[in-house]
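Peer 1: Supplied in structure tokens, the structure appears directly below.
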Amino acid sequence: MAARPSELIMSMSDPIADMLTRIRNGQTRGKVTIVMPASKKKQAIAELLKAEGYIADAAVNATGVHPQLELKLKYYRGRPVIEYLKRVSRPGLRIYRGKDELPQVWGGLGIAIVSTSQGLMTDRAARQAGHGGEILAFVA
């Protein structure tokens, strides 16, 4: 007996990498909005990107069976605002750094998204708060 599409649920080993890839692919194609499965961590990353000015808006659409995260991408003079987006820590190789070892992205022009005990924050905010943590991604 074949499964109906609504019954198919794919497991994903790295949902954050999937999110970053969807953003990269959406910007390459010139999309205004992109949609992906929602999670609390993805929402936190989207809020960080919005606060830092890398995306225009982020909203969760919970009308269906599974909540969806919708991101409105941002462009300047026809070019994507996000020029560099890289996953750093991954399920196969976690990268942790102390507060004094947090990296600067593009000499401080970009941000590193850090997962700390106080939640997700930028490398600047983590340094200022005196927290280290897992380096999730670089954005510039």
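The values are calculated or read from the model by the stated rules, or taken from the named source; none is laboratory data. This one's a predicted model, so the numbers in the text were calculated from it and none came from an experiment. When we count neighbours, we look across all protein chains shown, and the Cβ atoms used for this are built from the backbone with ideal geometry, even at glycine. Calculation scope for accessible area: heavy atoms of the full protein, side chains included, ligands and nucleic acids excluded. Shrake-Rupley method; radii C 1.70, N 1.55, O 1.52, S 1.80 Å.
Peer 1: So what are the three principal axis dimensions of the stretch 74-120 from its Cα atoms, in whole Å, longest to shortest?
Peer 2: 38, 24, 19
Peer 1: Among L85, T116, A59, which residue has its Cα furthest toward the positive end of the charge dipole of the chain, with +1 on Lys/Arg Cβ and -1 on Asp/Glu Cβ?
Peer 2: L85
Peer 1: Moving on to the next point. On full extension of the chain, what length is gained from Q68 through W106, given 0.36 nm per residue of separation minus the C-alpha to C-alpha distance?
Peer 2: Answer, rounded to one decimal: 10.5 nm.
Peer 1: Quick check: net charge around R127, other residues with Cβ under 13 Å of its Cβ, Lys/Arg +1 and Asp/Glu -1?
Peer 2: Here the count lands on 0.
Peer 1: Same structure again: Could you do me a favour and compute the accessible area per residue for the chain, 1.4 Å probe, result in Å²?
Peer 2: On the way: 8660 Å² over 140 residues.
On a per-residue basis, the chain sits at 62 Å².
Peer 1: If I fit a long axis through the Cα atoms of helix 40-51 and take the longest principal axis of the Cα atoms of the chain, what angle between them do I get, 0 to 90°, rounded to 10?
Peer 2: With rounding to tens, the tilt is 60 degrees.
Peer 1: Sorted by accessible area with a 1.4 angstrom probe, largest first, how do T21, T63, T122 fall?
Peer 2: Accessible-area ranking of T21, T63, T122, largest first: T63, T21, T122.
Peer 1: Cα axis of helix 15-29 to longest principal axis of the chain: angle in degrees, 0 to 90, nearest 10?
Peer 2: Around 80 degrees separate the two axes.
Peer 1: Mind checking which aspartates and glutamates have their C-alpha under 17 Å from K42, skipping anything on the same chain fewer than 8 residues away?
Peer 2: Leaving aside aspartates and glutamates fewer than 8 places away in the same chain, those within reach of K42 are D14, D18, E52, D57, E70, E134.
Peer 1: Please list 28-34, 50-56 highest first by mean number of surrounding beta-carbon atoms within 10 Å per residue.
Peer 2: Highest-to-lowest ranking by the protection proxy: 50-56, 28-34.
Peer 1: Determine the alpha carbon to alpha carbon distance for each of K41/K86; K31/K86; K50/K86; K50/K99 and list only those over 22 Å.
Peer 2: K50/K99
Peer 1: To continue, here is another question. Determine the share of the stretch 46-140's accessible area contributed by carbon and sulfur atoms, expressed in whole percent, with a 1.4 angstrom probe.
Peer 2: 49
Peer 1: Turning to a different aspect of this structure: How big is the equivalent ellipsoid of the chain along its three axes, where each semi-axis is √(5λ) from the Cα gyration tensor, reported in whole Å from largest to smallest?
Peer 2: Equivalent ellipsoid of the chain: 27, 19, 13 Å, largest first.
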